[in-house]
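This report concerns only the one structure given below.
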Amino acid sequence: MEATLLVLAGGRGRRMGRAKAWIEVGDTVLLRYVVERLAPAFSEVMVSFSEPEQMEQLVPYRVVFDRKPNAGPLAGLEAGLLAARNDVLFAVACDMPYVTQGVAQVAVAAARNCDAAIPRHDGLFEPVCGAYRKSSLQTIVGALDAGN
């Protein structure tokens, strides 16, 4: 589909003792597992890191870095939207290995009619697993600059 996949891999992994992106899952790492599961459905694939030092391994995808390091997933989303070649971007955290291409396709289709399509789970929004249009960028930049 004509949309960008952005895998958010900028977390510091304080609770895990290392960045979640590099945790081994079978014969691969979590980041690669998530990308390989979802990438076939997208025309562009990117990975977002907070800063270059987080790249323990080279990744064969387009990489973007946060304008404001360690500012959370919103900073990764901003970097992805600024760099994306498509109007719609599907963002997913690297520690969400069960998200399917079907979920991504539904979110992307829904976002074509609004600024963002963000799923809810148990009544709570899951902003690190949603589709965003470039038209949402101004709101995201404003929230990030306000420290939200």
Checklist entry - Quick one: Karplus J couplings for region 29-46, per residue in order, coefficients 6.51, -1.76, 1.60, θ = phi - 60°, nearest Hz, x for Gly and Pro? => result 10, 3, 4, 5, 4, 5, 4, 5, 6, 9, 3, x, 8, 10, 8, 8, 10, 9
Checklist entry - Gain in length, Ala110 to Ala39, computed as 0.36 nm per residue apart minus the alpha-carbon separation, to one decimal in nm? => result 23.7 nm
Checklist entry - Going out from 0 in 5 Å bins, what whole percent of all Cα-Cα distances in region 4-145 drops into each bin? => result 2, 11, 21, 25, 21, 13, 5, 1, 0
Checklist outcome for this item: By the mean-Cβ-within-10 Å protection proxy, highest first, 92-103, 71-82 rank as 71-82, 92-103
Checklist entry - What's the extension gain from Asn70 to Asp27 if we count 0.36 nm per residue and subtract their Cα-Cα distance? => result 12.6 nm
Checklist entry - To the nearest Å, what is the center-to-center distance of region 105-140 and region 17-48, using C-alpha atoms only? => result 20 Å
Checklist entry - Over region 4-145, what is the percentage of antiparallel beta bridges among all DSSP beta bridges, to the nearest 5? => result 45 percent
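Since every read-out is calculated from the coordinates, none of them should be taken as a lab result. All values reported here derive from a predicted model rather than from experimental measurement. Heads up, the Cβs are rebuilt from the backbone with ideal geometry, glycines too, and the neighbour counts pull from every protein chain shown.
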